[in-house]
Every structure is written in structure tokens, then in C-alpha cells.
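Please read the structure below before turning to the comments.
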Amino acid sequence: MAKKLAIIASKGTLDGAYPPFILASTAAALGFEVKIFFTFYGLQLLKKELSLKVSPLGNPAMPMPVPIPSIVQVIPGLEWFATWMMKRKLKTKGVASVEELRDICVESGVELIACQMTVDLFDFKNEDFIEGISSGGAATFLEFSSEADTTLYI
Amino acid sequence: MSEFDIELDTSGMNCPLPVLKARKALSTMTTGQRLHLIVTDPGANKDIPAFCKMTGNSLLDTNELDGKIHFFLEKG
């Protein structure tokens, strides 16, 4: 019987989008049955048009070309700049885009589940999300994860 | 080793793309056919053997030349 991987994706930033989609697509390539449960900010990863950002604010570990004090990081445009820089770096290093990894997940049969409670909480609509996803709650996730070989909260 | 049926060059691609591309190529092949996989991602030295182990494909040979890792896989 196929191994199973259960993931909770709770982050909606550009850097936070990579771990669930990388692990899910790779696990599918290794023959796992995979389900990702998207909750809270992770729901952003299911949007048709992704506009994921990365912010240096509150993240002292983010490498910057020059040290930027927190007080300066609130200046409008800095988040845009950090996101642009990160995307450029990802591209030059041959890292797949989040869209590409998400497409591979869908093609390889990874089940993408939107947490119904947080969809309602944020007033998201089904048409905001890509096709082919399902929705469910805590019990849906736990039923699958109780039989999973690996369960991750990201 | 020089005999193979399909060659796949993933030079410049980073994790997890070499594994995903290898999987896709193997899915078009028949049992016993050989894939020559070229990778520049140094993480592949561990990732490709792990991929083979998990998927029942055989890793026949590995060698490194001019910064590129050459894997020879046989579809299981």
C-alpha cells in the first residue's frame, strides 16, 4: 500500500509556500498519497492569482544586501523590493516557481483541501481558488493523518 | 556506462526539479529501459538514490564530470 503524507499549510508568504509544495510534489513522485490541508494564511496558496510576498520585517534571519534597521523596514516599497529580490534569486538559482510546483502537485494527484472554517472566516469565495480543490474540516484532516506515515505542520 | 534509452539534462535546476523531471521521464518508459540523468544540483547525490530506493527503480551507475553528476537509472 502506498505511503501517505499529510501536511497542514498555514503560511501564506512566498518563503512559506515552498516547503508544502516541494514536499508534496516530491512525495507524489516517490509514490506517496498526499493531502495538503490549507488553513488560515495558507489559503493564499490556493488563490488563482498568487501574489505571495516575503517581508524582512520581523525576520532578522533574512539575508539582505545591506543591514536594514527595523524602523526603516516599514517604509512602503521595501516589502516589494525584498519580494522582487527573492524571486530573482530563486530564478537565477534554478528553483521552480510556486505556481510551477503547485501545478505539478495538481497533475500528480495531490489532494488540496481548503479548511472550510477559515474560508468562511476570511469571506473567501470558491471562485477565488484554483479548480479541483476540495474543502473539509479538522476531522477530515485527522482521518487521513491518523493513517499517514508522515504528518507535517508548516 | 554509455548505453541508455533516454537522456535528461536538468543542469541549472534545483531541488526538487531533478527528481520531479526524472519521475516524469521514467513514467514514459518501459521496465528495463535506461535513463541517463544529468544533474548539477549537488543535493542530488543523496536525493536520486533515495528516489530510486523509494520507487523501485535501479541506480546502475553514478559519476561526476566537470561539475555535473551523471546518473544511470533502470526503470523497475
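Computed from the coordinates by the stated procedures, all read-outs in this text should not be read as laboratory data. Nothing here was measured: the structure is a model prediction, and the numbers come from that model. Cβ coordinates were reconstructed from backbone atoms using ideal geometry, including for glycine residues, and neighbour counts include every protein chain displayed.
Of the residues making up segment A:4-44, those that are within 25 Å of B:D47 (Cβ to Cβ) and aromatic (F, W, Y) are A:Y18, A:F21, A:F32.
Please count how many residues of segment A:98-117 are within 19 Å of A:E49 (Cβ to Cβ) and more than 12 Å from chain B (Cβ to nearest Cβ).
Of segment A:98-117, the ones within 19 Å of A:E49 (Cβ to Cβ) are A:98-106, A:112, A:114.
From what is left, the residues that are more than 12 Å from chain B (Cβ to nearest Cβ) are A:98-99, A:102, A:106, A:112, A:114.
Total meeting the criteria: 6.
Checked against the criterion of being of a type outside the set (K, R), more than 15 Å from A:A29 (Cβ to Cβ) and more than 14 Å from every other protein chain (Cβ to nearest Cβ), segment B:10-21 contains not a single residue that satisfies it.
Residue pairs whose Cβ atoms lie under 6 Å apart, separated by 6 or more positions or on different chains, with the first residue in segment A:124-136 and touching a residue at least 60 places away in the same chain (Cβ under 8 Å) and the second in a strand (DSSP E or B), are A:D128/A:K47; A:I133/A:L112; A:I133/A:A114; A:G136/A:I113.
Do we have any residue at all in segment A:31-47 that's basic (K, R) and either more than 18 Å from the chain's Cα centre (by Cα) or surrounded by fewer than 17 Cβ atoms within 10 Å (Cβ to Cβ) (or both)? Yes - at least one qualifying residue is present in segment A:31-47. Filtered by the rule that a residue be hydrophobic (A, V, I, L, M, F, W, C) and buried (at least 19 other Cβ atoms within 10 Å of the Cβ), segment B:26-51 gives B:L26, B:L35, B:L37, B:V39, B:A44, B:I48, B:F51.
If only one of A:K91, A:K53, A:K87 is surrounded by fewer than 18 Cβ atoms within 10 Å (Cβ to Cβ), among the basic types (K, R) and assigned to a loop (DSSP other than H, G, I, E, B), which one is it? A:K53 is the lone residue from the list that is surrounded by fewer than 18 Cβ atoms within 10 Å (Cβ to Cβ), among the basic types (K, R) and assigned to a loop (DSSP other than H, G, I, E, B).
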